[in-house]
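Student: Take this structure, written in structure tokens, and hold onto it; I'll ask about it next.
The values are calculated or read from the model by the stated rules, or taken from the named source; none is laboratory data. Everything quoted here is computed from the prediction, not taken from an experiment. Neighbour counts are summed over all protein chains in view; Cβ atoms, including those assigned to glycine, are modelled from backbone coordinates with ideal geometry. Each accessible area value is taken on the protein alone, full model and side chains, heavy atoms only, with ligands, DNA and RNA left out. Shrake-Rupley method; radii C 1.70, N 1.55, O 1.52, S 1.80 Å.
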Amino acid sequence: MQKVKVNLGVNSYEVRVGSGCLALTGKWLGELGYSGKAVIITDASVNKLYAAPLEKGLKEAGFDVDVFTVPAGEEQKTLGSAGVLYDALSRVNAERITPVIALGGGVIGDLAGFVAATYMRGVPYIQVPTTLLAMVDSSNGGKTAVDHGSLKNVVGAFYQPKLVVADIDTLRTLPAIELSNGMGEVIKHAAIKDKELFTFLEKNMKKVMALDEETLENIVVKNVRIKAGVVEKDEKETGLRMILNYGHTVGHAVEALSGFKLKHGQAVAIGMVAEAKIAVRMGILETGVVNRLEKLIQEAGLPVRIPEMDAGKLMQIMGHDKKVRQGKLTFVLLKSVGKAFISGDVDSTLVEEVLAGG
Ligand SMILES: NC(=O)c1ccc[n+]([C@@H]2O[C@H](COP(=O)([O-])OP(=O)(O)OC[C@H]3O[C@@H](n4cnc5c(N)ncnc54)[C@H](O)[C@@H]3O)[C@@H](O)[C@H]2O)c1
Ligand SMILES: [Zn+2]
């Protein structure tokens, strides 16, 4: 097991990564000073796989445990689900000191985190991520939210967990597409912040995709460190944290225009390539980096090209419709592998040309 400390003053917490960690969560919660009642929030698929060992460990540590299960899927990340969970928490007399444990992927992490942030003005919560995406990205950094209307993550709070427990063994049951989905964010982290991780991935992608335990543990730890390093400097995303949005400006537009048929990691992969091409066209990045990025993304089972989509519509979703053409856009641009910066000086015509396949 490896530990990463995330230093956020009074909101500091630890991320523990390793195989078999799930069953130790109860013991660790006891060591953090919690006792009495604990609540697990999970989805129906993850419940069947991992609620029992987590619950057993909590009970052995003396906790009185309640498990609340919502159906799996992004459609559940709503105020409606939050309402159902508030009812459940009050029914079992959860108190302000009752830890809420989010067991699952990013949907559960965001939903349970939001519920924990708001129930009784905030109860402690623990993230137990079970997807690669949740381990390397969503469980870390304190962004919690639900979707509302057609808008994703629009109602939420910055609220840090007290502990994150990433049990690498849980990745064994993850569908291949979900593993690829998480690799989108892994490649993003390497591209913006860690040249060595990028080279490591170029050499070891086969091991990653074959779920080699040691490789995965190291990758999760490295990614947690990268994200934590950025979040520590800019917890509430007023500046630097935006570099984590590399590939996401185009990615979000592609994801939305696909009607969310494309998974987030797939859309971000496409976005990373497009945004690297923008940097090449601006003379900031060498063309060779685009080739390396494309190769890595494909090896991770992710797409590199924008599917048949209208570039004008993509521009519109990015908040740049015809009326304000000729303007400048803000993008995270790569300078080289492992180095990125935020530029507010990207020519919109150039962007549209790249989106149209230029
Ligand atoms: N808070 C943040 O900073 C942040 C960052 C990135 C993404 N997100 C959010 O994360 C969500 C996406 O998360 P996700 O990709 O983990 O999706 P998810 O939570 O929907 O999980 C994907 C699917 O995998 C299943 N699953 C989870 N763990 C499993 C396991 N170990 N074995 C088998 N099946 C398993 C789930 O039941 C689900 O069907 C989005 O809502 C997104 O907005 C949040
Ligand atoms: Zn993302």
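Student: I'd like the residue in the range 240-253 that is in a helix (DSSP H, G or I) and small (Gly, Ala, Ser) and, out of all such residues, is nearest to ligand 2 (Cβ to nearest atom).
Tutor: GLY251
Student: Can you spot a residue in the range 186-194 that is closer than 25 Å to ALA267 by Cβ, within 15 Å of ligand 1 (Cβ to nearest atom) and not in a helix (DSSP H, G or I)?
Tutor: Among the residues of the range 186-194, not one is closer than 25 Å to ALA267 by Cβ, within 15 Å of ligand 1 (Cβ to nearest atom) and not in a helix (DSSP H, G or I), which makes the answer no.
Student: Okay, moving on. Got a sec? Which of GLU55, GLU74, GLU60 is in contact (Cβ under 8 Å) with a residue 12 or more places away in the chain, surrounded by 19 or more Cβ atoms within 10 Å (Cβ to Cβ) and within 26 Å of ILE168 (Cα to Cα)?
Tutor: It is GLU55.
Student: Next question, about the same structure. Being at negative phi, touching an Asp or Glu at 6+ places or on another chain (Cβ under 8 Å) and open to solvent by 30 Å² or more (accessible area, probe 1.4 Å) is the filter here; which residues of the range 93-126 pass it?
Tutor: VAL107
Student: Of the residues in the range 34-52, how many are open to solvent by less than 60 Å² (accessible area, probe 1.4 Å) and either part of a loop (DSSP other than H, G, I, E, B) or in contact (Cβ under 8 Å) with a residue 60 or more places away in the chain (or both)?
Tutor: Qualifying residue count for the region: 11.
Student: State which residue pairs qualify: first residue open to solvent by 10 Å² or more (accessible area, probe 1.4 Å) and among the aliphatic types (A, V, I, L, M) and inside the range 222-248, second residue at pLDDT 95 or above and part of a loop (DSSP other than H, G, I, E, B) in any location, beta carbons under 7 Å apart, and separation of 6 or more residues or different chains.
Tutor: ILE226/ASP194
A quick yes/no check of all residues on (1) assigned to a strand (DSSP E or B); (2) over 26 Å from the mean Cα position of the chain (by Cα); (3) of a type in the set (Asp, Glu):
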site	(1), (2), (3)
GLU55	no, no, yes
THR98	no, no, no
LEU103	yes, no, no
ASP110	no, no, yes
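Student: Can you tell which of ALA274, ALA256 is of a type in the set (Gly, Ala, Ser) and either open to solvent by less than 10 Å² (accessible area, probe 1.4 Å) or in a loop (DSSP other than H, G, I, E, B) (or both)?
Tutor: None of the others qualify; the one that does is ALA274.
Student: If you don't mind, there's one more thing I want to ask. Give VAL123, VAL115 a once-over and let me know the one that is in contact with a Leu (Cβ under 7 Å, 6 or more places away or on another chain) and of a type in the set (A, V, I, L, M, F, W, C).
Tutor: VAL115
Student: Restrict the check to the range 201-216 and report whether at least one residue is within 15 Å of ligand 1 (Cβ to nearest atom) and either crowded, with 23+ Cβ neighbours inside 10 Å or part of a helix (DSSP H, G or I) (or both).
Tutor: The answer is yes; a qualifying residue exists.
Student: Another question about this same structure. Given the residues GLY109, GLY122, which is the only one that is out of contact with any Lys or Arg (no Cβ under 8 Å at 6 or more places or on another chain) and either near ligand 1 (Cβ under 7 Å from one of its atoms) or more than 16 Å from THR78 (Cβ to Cβ) (or both)?
Tutor: GLY109
Student: Can you tell me which residue among THR69, THR25 is modelled with pLDDT of 95 or more, closer than 27 Å to LEU211 by Cβ, of a type in the set (Ser, Thr, Tyr) and open to solvent by less than 50 Å² (accessible area, probe 1.4 Å)?
Tutor: From the options THR69, THR25, the qualifying one is THR25.
Student: Report whether or not LYS193 is within 16 Å of ligand 2 (Cβ to nearest atom) and either open to solvent by 30 Å² or more (accessible area, probe 1.4 Å) or at pLDDT below 95 (or both).
Tutor: Criteria met by LYS193.
Student: Answer yes or no as to whether GLY18 is of a type outside the set (Ser, Thr, Tyr), open to solvent by 50 Å² or more (accessible area, probe 1.4 Å) and modelled with pLDDT of 95 or more.
Tutor: no
Student: Based on what the data block shows, is ASN140 open to solvent by less than 10 Å² (accessible area, probe 1.4 Å), at pLDDT 95 or above and part of a loop (DSSP other than H, G, I, E, B)?
Tutor: Yes; evaluated as a whole, the condition is true for this residue.
Student: Now for a separate question. Spot the failing condition for THR98; the list is (1) more than 28 Å from SER180 (Cα to Cα); (2) among the hydroxyl-bearing types (Ser, Thr, Tyr); (3) free of Cβ contacts under 8 Å to residues at least 24 places away in the same chain, and only one is missed.
Tutor: Against the list (1) more than 28 Å from SER180 (Cα to Cα); (2) among the hydroxyl-bearing types (Ser, Thr, Tyr); (3) free of Cβ contacts under 8 Å to residues at least 24 places away in the same chain, THR98 comes up short only on (3).
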